[in-house]
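The values are calculated or read from the model by the stated rules, or taken from the named source; none is laboratory data. What you see is a predicted model; the values in this text were computed from it and never measured. Here the Cβ is made from the backbone with ideal geometry for all residues, glycine too, and neighbour counts use every protein chain on show. The protein model used for the area step is the full one, side chains on, heavy atoms only, and it has no ligands, DNA or RNA in it. Shrake-Rupley method; radii C 1.70, N 1.55, O 1.52, S 1.80 Å.
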Amino acid sequence: MTCFHPLHRAAQRVLSARTAMSRTFVALALGVALSGCMALDDLSEAPPKLTGKMIAQMAKKGMKPESPVLVRIFKQESELEVWKVDKSGTYALLKTYPICRWSGELGPKTRTGDRHAPEGFYHVSAGMLNPNSQFYVSFNLGYPNRLESALGYTGEALMVHGACSSSGCYAMTDQGVGEIYAIVQKALAGGQDKFQVQAFPFRMTTANMAMHRGDPNMSFWRTMKEGYDAFEVTRRQPKVSVCERRYVFNKEFEGGEPTDPLAACPPVINQLEPQAMAKIEAEERKVDMAITGSLPMSTAMTAYSDGGMHPSFRALLKTQGPKKLAASVSAIKYPISRPDAALADPFDGR
């Protein structure tokens with residue numbers, strides 16, 4: 001498990017070139033726009049703090065540094081989103097960060113050594129932040145969670161961290177993870193008990209669900225989509241329960257929370273966010289229609305040899321090679337994990 005950094009100095013050299021930008025350079029520019037605004041020279045051994053620029057960005061969006069935070073991760077797109085509660089009292093998108101490297105394939109992690117990065121709903125407390133990580137700074141996702149433990153899934157120390165290397169983690173650039181760390185640490189210090197991380201295989205649109213309808217993980221992904229849709233509709237953190245071997249969202253049960261993730265769910269006594277249910281059920285019907293019919297042949301989108309990499313980093317890997325990319329995204333210059341597999345990522349960024 002390893003993670004790496006954005007490509008600021010490399011990007012500046014590209015952007016200052018006098019020749020017209022090729023498609024590769026456009027992809028790089030996009031990655032830089034999404035990444036953190038610090039340079040490697042700005043990083044110190046002390047835990048990262050919020051910059052004045054980030055505080056100003058929050059203020060512009062009606063957010064306070066100590067307001068609650070939520071993180072969403074998308075494997076296929078290789079993107080990590082940071083959301084914060086704004087003055088409306090609901091979550092709004094603060095910033096999207098490109099993921100330099102994730103490993104495995106689309107689908108949940110089930111066992112030690114499968115190299116899969118986790119998919120699921122996780123909750124990160126202050127004690128799960130590591131300011132002294134070997135990969136700059138990191139936070140532990142808490143895999144396996146209650147559901148995964150009950151299902152017998154194995155693995156440990158699955159992180160979001162710096163350096164562009166992964167054997168089950170989500171690897172950001174040092175600058176990117178430093179900025180994310182400072183944001184979530186401030187929210188936890190400001191009173192948020194723990195923040196939710198939602199890790200998805202892809203953006204769970206109807207079109208993407210239809211594209212992957214032949215995947216054996218579709219039943220699990222449809223459950224995941226219920227939580228995705230609950231957040232999309234309400235912009236509030238979904239309440240996550242586990243019973244009947246699955247996640248259950250925004251429900252209150254007779255006798256309190258289910259204690260056995262494998263047992264039948266207790267009777268529901270209250271449906272939270274009832275005003276959103278009509279929209280969520282309509283989305284479920286759209287997916288039903290989209291995935292009905294003959295199953296597709298295996299598509300390029302399922303043909304991951306070992307995880308993926310954001311297109312902006314892939315462009316640099318192709319043009320600069322793994323050593324220069326490693327040096328540009330992390331102060332420790334940790335080797336890019338399986339660069340050939342990263343170049344084989346089938347997602348084209350569209």
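The Cα-based radius of gyration and maximum Cα-Cα distance (Dmax) for segment 110-151 are 11.8, 32 Å. Our note on the geometry: Cα centres of segment 311-345 and segment 236-295, 40 Å apart.
Could you give the semi-axes, largest first, of the ellipsoid that matches segment 182-237, computed as the square roots of 5 times the alpha carbon gyration tensor eigenvalues and rounded to whole Å?
After diagonalising the Cα gyration tensor, the semi-axes are 29, 11, 9 Å.
The alpha carbons of segment 117-186 occupy a box of 36, 26, 18 Å along the principal axes, longest dimension given first. Using a 1.4 Å probe, what is the accessible area per residue for segment 143-185, in Å²? Counting only protein heavy atoms, the per-residue value for segment 143-185 is 22 Å². Reported value for segment 110-231: 125 Å³ per residue, from the convex hull of its C-alpha atoms. Rounded to the nearest angstrom and listed largest first, the equivalent-ellipsoid semi-axes of segment 37-154 from its Cα gyration tensor are 28, 18, 14. Couplings for segment 193-209, taken from phi via the Karplus curve 6.51 cos²θ - 1.76 cosθ + 1.60 with θ = phi - 60°, read 5, 7, 10, 8, 10, 10, 10, 10, x, 6, 5, 8, 7, 4, 4, 5, 4 Hz in order; Gly and Pro are left as x.
Here the Debye sum runs over all C-alpha atoms of segment 189-277 as equal scatterers in vacuum, and log10 of I(q)/I(0) at q = 0.18, 0.21 Å⁻¹ comes out as -0.92, -1.14. If you wrap the Cα atoms of segment 75-119 in a convex hull and average its projected area over all directions, you get 4.0 nm². Residue ranges 123-129, 156-162 sort as 156-162, 123-129 when ordered by packing (mean number of other C-beta atoms within 10 Å per residue, highest first).
Calculated accessible area for segment 311-350 comes out at 54 Å² per residue, all protein chains present (probe 1.4 Å; ligands, DNA, RNA ignored).
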